[in-house]
Structures are given as C-alpha cells and as structure tokens.
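This report concerns only the one structure given below.
The values are calculated or read from the model by the stated rules, or taken from the named source; none is laboratory data. Just so it is clear, the model here is predicted, and its values are computed rather than measured. Neighbour counts are summed over all protein chains in view; Cβ atoms, including those assigned to glycine, are modelled from backbone coordinates with ideal geometry. The area values use the complete protein model at the heavy-atom level, side chains included, leaving out ligands, DNA and RNA. Shrake-Rupley method; radii C 1.70, N 1.55, O 1.52, S 1.80 Å.
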Amino acid sequence: MAGYKSIWVFLEQNEGVLEEVSLEVLGKASELASKVGAEVTGILLGHNVKRLADEAIKRGAESIILADSPVLENYMTETYTEVIAGLVKERNPDAFIFGATNNGVDLAGRLAVRLGAGLIAHVVELELEEETGLLLGSVPGFGGSILAVCKCVKGRPQMVTVRPGIFRALPPDESRKGRIEEVQVRLKPEDIKTRIVEKKVGKAIDISKAEKVVIGGVGTGGDLSLIKRLAELIGGEVGVTRPLSDQGIAPRDIMVGATGVGLSSKLAIVAGVSGAAHFLSGIDKVENVIAINTDPDANIFNHADYCVVGDLFKIMPELIKRIESLKG
Amino acid sequence: MRMVVCVKVTPKAEQVRLDPTTKTLIREGVESEINPADKNALEMALNLKDKHDGEVIVLSMGPPAFEPHLKLAVAMGADDAILLSDRAFAGADTYPTSFTLAMGIKKLGNVDIIFCGEGSSDAGTNQVPPGIAEWLGIPQITFVNKVEVVDGKVRARRTIRGGYEVVEAPLPVLLSVELGCNTPRFPDFRRKRWAEREFRLKVWNKNELGVSEEQVGLKASYTTVKELKEAKMRERKGEFIRGSPEQVTEKLLEIIKQYL
Ligand SMILES: Cc1cc2nc3c(=O)[nH]c(=O)nc-3n(C[C@H](O)[C@H](O)[C@H](O)COP(=O)(O)OP(=O)(O)OC[C@H]3O[C@@H](n4cnc5c(N)ncnc54)[C@H](O)[C@@H]3O)c2cc1C
Ligand SMILES: Cc1cc2nc3c(=O)[nH]c(=O)nc-3n(C[C@H](O)[C@H](O)[C@H](O)COP(=O)(O)OP(=O)(O)OC[C@H]3O[C@@H](n4cnc5c(N)ncnc54)[C@H](O)[C@@H]3O)c2cc1C
C-alpha cells in the first residue's frame, strides 16, 4: 500500500485572488486525505498574499507553505518551478495536485520532468485504488468521449492536474486553524531569464456554475447579438464554441468544451453549433439542452433534449419578442 | 533562424470508439490527421521564416504510418522532416515522449525556437511542451497566439485566465501554440507533388538517437493506463419540436418559462 503523510495542493493566485479550481482541489484533497490519514498542505507563492493562506485554511488546508517575495508576484514558469522543486526535494510529499489552468499545467508539466515524477492530466475523477492506495485519475481523451484511468506507478510525488469545475470546494469554516510556514526565497532578479513585458487581465468571467447559458456557434456567423439578448432576458450567461474564440470574437473564458469550460447549468440553449466531440463534453452535465440548427442531421441533435430544425436568425428573434412581451 | 516544429499525428476524435468487450480503441477505418494545433504551430514558424529567413524542420515521434502526414507538412513549407521511430518508443507517457523529442532536437543541434501545439486532440495533456523545455534546460512560453523576434529575443503573447500576458525570453526557447490562433496555409500544388514523390523522410531509431531501451517508451514511463472506459454521456430526450413558427416559439417558451 502506498503510504501517505502529506498531500500537497498548489494554491494558484492571480492578482491576489485564489483561483476557484484551487479551492476545488483543496476540497477533493481533504476528502482523499481523510481516507489515508494524510495532511493537506497548500503551496502558496506570491507577493503580499498571506491572507490567502488564511483563506485556504478555512477551505480545507491543514498547513500552508508560503513563499512571499516580490519576484513571485506574477506566475512565471522559471521562478515558480525553481522554488517549488526545491520544496518538494526537501520534503517529499506523497502526492501533489494542481488545477489544470494554463498556468497550472505549464508549471506541473515542467516540474514533473525536473522531479522525475508521473503526472496525470486534467482529471475529471480522482480516487484511491483499493489494492495499492495509489491515486487513480480519469483523463478524458478524444474530446471527452473516452476516459483513460491512469496511475503513477513509479516516481514521487504522484502528480495530478484537475479539470476546473469538476470537484466541489468546501464552504469556508471560520473555526478552522492551521500552521502557516513561511520559507525564504533565494531567487535573485538577475538570475531570471524571462520577463513579463505586458499583462492585461480583466475580471475573468466564470460561466461554469451559471444556471442558464445561451451558446452561439459558427452558425451565428460571429454575430452574437441575439445570443446576448436572449441570455440577458432569461438572466443567463453567454457561451461560445471554440472557433469564435479563435477568431477573437469572444474571450477564451466563455468558450465551452473539452479545452474550455464545462457547464453545470440547468438550461442551455445551443444555437448554430454542430456538436463536435470536443464541444459536447462541455454540456454533458447540463440538465436540459435546447438545440437550434438548420441541418436536421447535425450531431448536436443526438445530444439535445429539445431539437429545433431551423434558422436561428428567424427563430431567436421570435422567441426574444415573446419573452420580452411576457416580461412586459 | 533554425526552427523545429513538433508534430503529432492524431486520429479524428469523432471517429474513435471503444470496443465494448475488449475495452480497447477501435482503430480500423479511423482517419488520422496532423494534430490541429500543430498545424497552427507550423504556420507560426513558417510566418517567422517568411519574415526573418531561416529553416523549419518538422520533428515527430511515432510509427512509419505518420509518413504521409509529415510529407504534407513539408508540402506546406517545412524544409525538412524527421521521424523518430522505433518499437522501443511505443507506450510512452509524456515523460519519455518529451525526452525522446528533446534528444531529437539535440541531435539536430543549434535550434533557436522549438514550436509545439498547445495540446494534442487525442490525450491533450499539454505536458509534452514543458517537458521538452525542461529536458533542454531552456525557457518555455505556453499557450501562445502571437509571436515576434526582436533583437535575438522572443516576445510571445500567451492566454491566461481573464486575458493575456506578453512574455520575453532569450533564444533558444520553446513555444506551445494555441489551437486556432492562425489559418494554416494550404500546400502549394507543385510542392505537394514534389513532397509526395521525391522528398525523402529521415527516420531515426533509438540507436541513431543514442538512447537506450530503458530511457524510452513504456519502460521509462511513470504513469500507466489501468483501463479505458466510455465516458457515459447523459441520456437526452431528443424530442424534435415541429410545426409553424408560432407553434415552435410557443413550445420553446413553455420549456424556458420553467427557468425564468
Ligand atoms: C484539440 C481540440 C480541442 C477542441 N476543443 C474545443 C472546445 O473546447 N470547444 C469547442 O467548441 N470546440 C473545440 N474544438 C473544435 C471542435 O472540434 C469544432 O470544430 C467546433 O466545436 C465547431 O464549432 P461550431 O459547432 O460552432 O461550428 P461548426 O462545426 O462549423 O458548426 C456550425 C453549425 O451551425 C449550423 N448553422 C449554420 N447556419 C445556421 C443558422 N443560420 N441557424 C442555425 N444553425 C446554423 C450548421 O448547420 C452547423 O451545424 C476542439 C478541436 C480540437 C482539435
Ligand atoms: C486518453 C489518454 C490519456 C492519457 N493520459 C496521460 C497522462 O495523464 N499522463 C501521461 O504522462 N500520459 C498520458 N497519456 C499518454 C500520452 O498521450 C502520450 O505520452 C503522448 O505521446 C503525448 O502526450 P499528448 O498527446 O498528451 O501530448 P500533448 O502534451 O498534449 O502535446 C502537445 C504538443 O506536443 C507535441 N507532441 C506531443 N506528442 C508528440 C509526438 N509523438 N511527436 C511530435 N510531437 C509531439 C505536439 O506539438 C503537440 O501538439 C494518455 C494517453 C491517452 C490516449
């Protein structure tokens, strides 16, 4: 049996805010740790981020290792890998879990090779193998239609990245206490080869937990005005398929699918979307899917509850008009 | 400038099925293609070549069946293509995959920029690019959608949550390129015919790469796949709403009302 003393969780912060997926990972790690009697340790890097350590403790971390330094203010592959690899080599955690954000996989992928560790990618299920106690992570492949159940047969820590929006964060528990250990950062600015010359981040929109979402695809011709209006009327969010983000018509944050957001809404209205494998995994958890498409054979109709064969530019304005008059 | 583009050949995701009894992938009749993001990576490299001159070499690890796809990459404009192929490479997880590709890059020598796709369309772990960069001990910039080379340095714009950042790094550097960030060029007809008929693909096995059996493939992997399973897709009603436009709107309204 794999013995566990500690499970580490990478606490990703951007602009002084913890990523939601890091809290989700903390929730999952706590559940696993309680089964094997391990401690959950949050790894937090940044500048002036101590209060995030307190927040992580309320959300399930038992201890925090904090590296606080001006050179760590923004995520950079070089600096974060250097600091974290040093910590892992010194303390040998049994498992190390990351959120599968762009920065999370950038870091985990680099660390795994430096440490000589196995890395299981963007899992949607994570459990313990009964016979061995090893982590078993289900990795969606081929757009999400097939899951590969992977484990780390050698090398430590067992490393895993977790797809955002899959696991549940624990509600904050104000009474929880934990240790915060601050470590020295020995990086010198002159040793760092890369630098960020420009950074532009707005408030990231999170549509993964929206109750209602209206999704526009290539069939909109890139004109999302009807999609936006309908979303507004029903109090929902707007989503798009990947090609619309590729063309810069909509931000990556609202892209639905295997490489975008997984929805968990009650209702999704999907218009002008063909239903490619890489898209479908993004709407699989939606309770009720309405699809509008001109092509009666579109694959989206095999994955919708209500199917409307028709032109979205004719159907949606009618619908919008009716809802408008309904709301007065 | 000497540039390498790492290209994987992947099956079309829509066509891949799991055999319900053996739980293995059904490969018969499944078409394959250059991994879509790798076409964007190639396009980005060819663009830099157009601007700065230099050479673009395509590098792939896989079975001999990859050959026609690598020739297509040459038809699109790559100057050369190399396939790392050996039975010993089979069953590799991302650790030996990135190692083997890094060894190919070392053998090529004097490479300024290495391009990868952000992820593959089959497993899509996104782990190979950072792995290669670590084996080579060079900087990486991942999820890049725009690049320029200024004064011997690369400036690349990468997507992060809520926006983007521009990262500057000295050469040599590895970039992973965002799927869909550009429009890959079509192969020129004449060049295509030349690539198909006359271009000779170089194939390097483990001896030519100077690696041992223990360093590659399944043996050198840290992870294993215990089993494959079908992702259970949610059952849907699949009810078609038909009738006059008014009737369709009426019915849709009825459904949507429950959520208002
Ligand atoms: C590695 C990889 C990852 C990917 N990840 C994602 C992902 O996360 N999310 C994602 O969405 N895609 C992803 N893709 C892309 C995916 O394969 C498809 O290309 C994409 O989902 C297609 O988008 P679409 O349905 O909007 O466009 P199309 O496939 O072009 O479909 C447009 C549809 O609109 C219909 N239409 C046209 N006009 C009208 C009209 N007036 N009214 C109604 N219907 C109309 C057409 O009949 C057609 O069915 C990925 C691809 C790869 C290779
Ligand atoms: C469903 C499934 C799940 C898997 N899960 C894991 C896992 O969790 N952990 C793990 O370590 N392995 C996993 N594997 C194995 C993994 O797919 C292989 O190691 C594969 O060789 C490379 O990984 P990738 O396709 O994910 O590459 P990615 O890292 O997604 O590829 C990014 C880029 O790297 C380059 N690249 C990748 N492979 C090659 C190649 N052969 N030749 C040239 N360039 C290449 C391309 O430019 C590509 O766009 C899984 C395989 C499957 C089928």
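Just wondering, is there one or more residues in segment A:85-101 that are within 12 Å of ligand 2 (Cβ to nearest atom), outside the structural domain of A:ASN302 (by TED's automatic domain parsing) and modelled with pLDDT of 95 or more?
From segment A:85-101, those within 12 Å of ligand 2 (Cβ to nearest atom) are A:100; that's our starting set.
In the following step, the residues that additionally are outside the structural domain of A:ASN302 (by TED's automatic domain parsing) were identified as A:100.
So of that shortlist, the ones also modelled with pLDDT of 95 or more come out as A:100.
Checked against the condition, which is being within 12 Å of ligand 2 (Cβ to nearest atom), outside the structural domain of A:ASN302 (by TED's automatic domain parsing) and modelled with pLDDT of 95 or more, segment A:85-101 yields at least one hit.
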Conditions (1) more than 24 Å from B:GLY238 (Cβ to Cβ); (2) touching a residue at least 24 places away in the same chain (Cβ under 8 Å); (3) within 7 Å of chain B (Cβ to nearest Cβ) -> A:ILE254 fails only (3)
Subset of segment A:231-251 (residues that are open to solvent by 40 Å² or more (accessible area, probe 1.4 Å), more than 9 Å from chain B (Cβ to nearest Cβ) and assigned to a helix (DSSP H, G or I)): A:GLU232
The residue from A:LYS200, A:LYS228, A:LYS188, A:LYS177 that alone is touching a strand residue (DSSP E or B) at 6+ places or on another chain (Cβ under 6 Å), more than 14 Å from every other protein chain (Cβ to nearest Cβ) and away from ligand 1 (no atom under 13 Å from the Cβ) is A:LYS228
Taking the condition touching a residue at least 40 places away in the same chain (Cβ under 8 Å), within 19 Å of the chain's Cα centre (by Cα), at the interface with another protein chain (Cβ under 8 Å from one of its Cβ atoms) and not in a loop (DSSP other than H, G, I, E, B), does A:ILE97 pass? no
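Among the helices (runs of 4 or more DSSP H) contained in segment B:59-167, which hold 2 or more residues that are within 14 Å of chain A (Cβ to nearest Cβ), in contact with a Phe, Trp or Tyr (Cβ under 8 Å, 6 or more places away or on another chain) and small (Gly, Ala, Ser)? Even if it seems obvious, please write down each step before you answer.
Values: elements: B:67-76, B:94-108, B:128-136.
Filter on segment B:59-167 gives B:94-108.
Restricting to segment A:266-281, name every residue that is more than 9 Å from chain B (Cβ to nearest Cβ) and in a loop (DSSP other than H, G, I, E, B).
First, the residues of segment A:266-281 that are more than 9 Å from chain B (Cβ to nearest Cβ): A:268, A:270-275, A:279.
If the condition is that a residue be more than 9 Å from chain B (Cβ to nearest Cβ) and in a loop (DSSP other than H, G, I, E, B), then A:GLY272, A:VAL273, A:SER274, A:GLY275 are the ones that fit.
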Residue set A:ASP295, A:ASP284; condition part of a loop (DSSP other than H, G, I, E, B) and more than 21 Å from the chain's Cα centre (by Cα); output residue A:ASP295
Between a first residue in segment A:267-291 that is of a type in the set (Val, Ile, Thr) and a second residue that is assigned to a strand (DSSP E or B) and open to solvent by 40 Å² or more (accessible area, probe 1.4 Å), which pairs have beta carbons less than 8 Å apart while being 6 or more apart in sequence or on different chains? none
Any chance segment A:34-46 includes a residue that's under 22 Å from the mean Cα position of the chain (by Cα) and in a helix (DSSP H, G or I)? no
Scope segment A:252-283; condition more than 11 Å from ligand 1 (Cβ to nearest atom) and open to solvent by 40 Å² or more (accessible area, probe 1.4 Å); matching residues: A:SER264, A:LYS266
Run B:PRO184 past the list (1) of a type outside the set (A, V, I, L, M); (2) at the interface with chain A (Cβ under 7 Å from one of its Cβ atoms); (3) not in a strand (DSSP E or B) and report the number of the one that doesn't hold. (2)
